[in-house]
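Asks: Please see the structure below; I have some questions.
The values are calculated or read from the model by the stated rules, or taken from the named source; none is laboratory data. Since this is a predicted model, take the numbers as computed values, not measurements. Side chains included, ligands, DNA and RNA excluded: accessible areas come from the protein's heavy atoms. Shrake-Rupley method; radii C 1.70, N 1.55, O 1.52, S 1.80 Å.
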Amino acid sequence: MSDGKGSGSSESSKDDELKAVQAALSAEHAAVYGYGVVGGRVGEKRRDEARTAYDAHRARRDELRRAVRDLGGDPQPADAAYALPFPVPDTAAAVRLAAELEDRVAGVYSDLVRASSGARRGDAARALREAAVRAARWRGGSVAFPGLAERTAPASAPTTPKA
């Protein structure tokens, strides 16, 4: 005899996982958009690095679209445009934007690690690590807790995944 909690709990965790995958997808959409700005403003010396990050985010975005479908959801489409957290008139601002994009992506992947299990959890942990490494390269140093916005960003920094 079942008390009904088993299937409800499983359904709830699947819903939480789908929400976390959708949030990661949204962050990847924003990162792809943001790297379009970075690539247009960053100096030639770092343009290849921006292109590599752009390609990595596009690949993750495509993987997440499939993951949403696998979980029975409809992948959230990209917005037409995203609000940038600050003006990006030059190379220095483009580098700051790239680090910010990676910090935000790492944050949603830390949520996905918490909400998932198995292979998806491993993929989310790898994505978090990759974002943290890219952020450290752009920033010129690492932070104590990559993916934990309350540990890496000042209290006034925006925490939404849109770039």
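Asks: Quick one: Debye curve from the C-alpha atoms of region 1-127, no solvent, what's log10 I(q)/I(0) at q = 0.13, 0.22 Å⁻¹?
Replies: Log10 I(q)/I(0), no solvent term: -0.57, -1.21.
Asks: Tell me, what is the percent relative contact order of region 1-123, built from C-alpha pairs under 8 Å that lie six or more residues apart?
Replies: Working: 110 pairs, mean separation 46.1, N = 123.
Worked out over region 1-123, it gives 37 percent.
Asks: Using a 1.4 Å probe on the protein heavy atoms, what percent of the accessible area of region 90-148 belongs to carbon and sulfur? Walk me through the numbers on the way to the answer.
Replies: Working: 1430 of 2640 Å².
Using a 1.4 Å probe with all protein chains present, region 90-148 comes out at 54 percent carbon and sulfur.
Asks: Further question: What figure, in Å² to the nearest 10, do you get for the accessible area of residue 42 with a 1.4 Å probe and non-protein molecules left out?
Replies: 0
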